[in-house]
Amino acid sequence: MTDIKMVVAIIRPDRLTDVKRALSETGAPSLTVTDVSGRGSQPAKKSQWRGEEYVVDLHQKVKVETVVADTPAEDVVEAIAEAAQTGEKGDGKIFVLPVEDAYQVRTGKTGPDAV
Ligand SMILES: Nc1ncnc2c1ncn2[C@@H]1O[C@H](COP(=O)(O)OP(=O)(O)OP(=O)(O)O)[C@@H](O)[C@H]1O
C-alpha cells in the first residue's frame, strides 16, 4: 500500500506565494496554511513600546501542511525548500510525518485514494 505522508513546513510568510506555486508544479496543490509564531535559531528582536524596551523572541511564520500519497514526500520537501530559501537565519524547517489513514468526506474513499 502507498505510504501517506504529511509534510509540515514552517516558512517565512513572504515566501508563501512561491511555495504554493512550487507545490502546484510538483503535483501536490492541496494544502492547509496557518499563521503561526515560533522560535528557532533566528535571533530575538528588541522593540520598544511606550518607552519600554521588550524582546520579541517569537517570529511570525506560516505553517504549510501538505499530505501526499502518489507524489513522493521528498519531492515536496525539495520544492518547498527551494521556494522558501533566502539563505538568512529564519528560513524555517520542514518535517515529514507518517499519516495513519485518510478519509474523503464527499466520497467516503479511504487511504491513498482519499488524499
Ligand atoms: N525544532 C523545532 N521544532 C518546532 N518548530 C521549529 C523547530 N525549529 C524551527 N521551528 C520553527 O521554524 C521557525 C523558523 O526556524 P528558524 O529558521 O529560525 O530555525 P533554524 O532552522 O534553527 O535556524 P536558521 O535556519 O535560522 O539557521 C521557527 O520560528 C519555529 O516556528
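The values are calculated or read from the model by the stated rules, or taken from the named source; none is laboratory data. The structure displayed is predicted, hence computed values, not measured ones. Here the Cβ positions follow ideal geometry from the backbone for every residue, glycine too, while neighbour counts run over all protein chains shown. To get the accessible areas, we keep the full protein, side chains included, count just its heavy atoms, and leave off ligands, DNA and RNA. Shrake-Rupley method; radii C 1.70, N 1.55, O 1.52, S 1.80 Å.
Things to note:
- Residue, farthest from the ligand (Cβ to nearest atom), within the range 86-96, restricted to residues that are of a type outside the set (Phe, Trp, Tyr) and touching a residue at least 60 places away in the same chain (Cβ under 8 Å): Val96
- Note on the range 28-55: residues that are under 20 Å from Arg15 (Cβ atoms) and either of a type outside the set (Val, Ile, Thr) or more than 15 Å from the chain's Cα centre (by Cα) (or both) amount to 13.
- The condition of being assigned to a loop (DSSP other than H, G, I, E, B) and either at negative phi or open to solvent by less than 20 Å² (accessible area, probe 1.4 Å) (or both) holds for only one of Glu74, Glu88, Glu65, Glu78, that being Glu88.
- Residue ID - least open to solvent (accessible area, probe 1.4 Å), chosen from residues in the range 97-112 that are in contact (Cβ under 8 Å) with a residue 24 or more places away in the chain and not in a loop (DSSP other than H, G, I, E, B): Gly111
- Filter result (over 11 Å from the mean Cα position of the chain (by Cα) and of a type in the set (Lys, Arg)) within the range 79-98: Lys89
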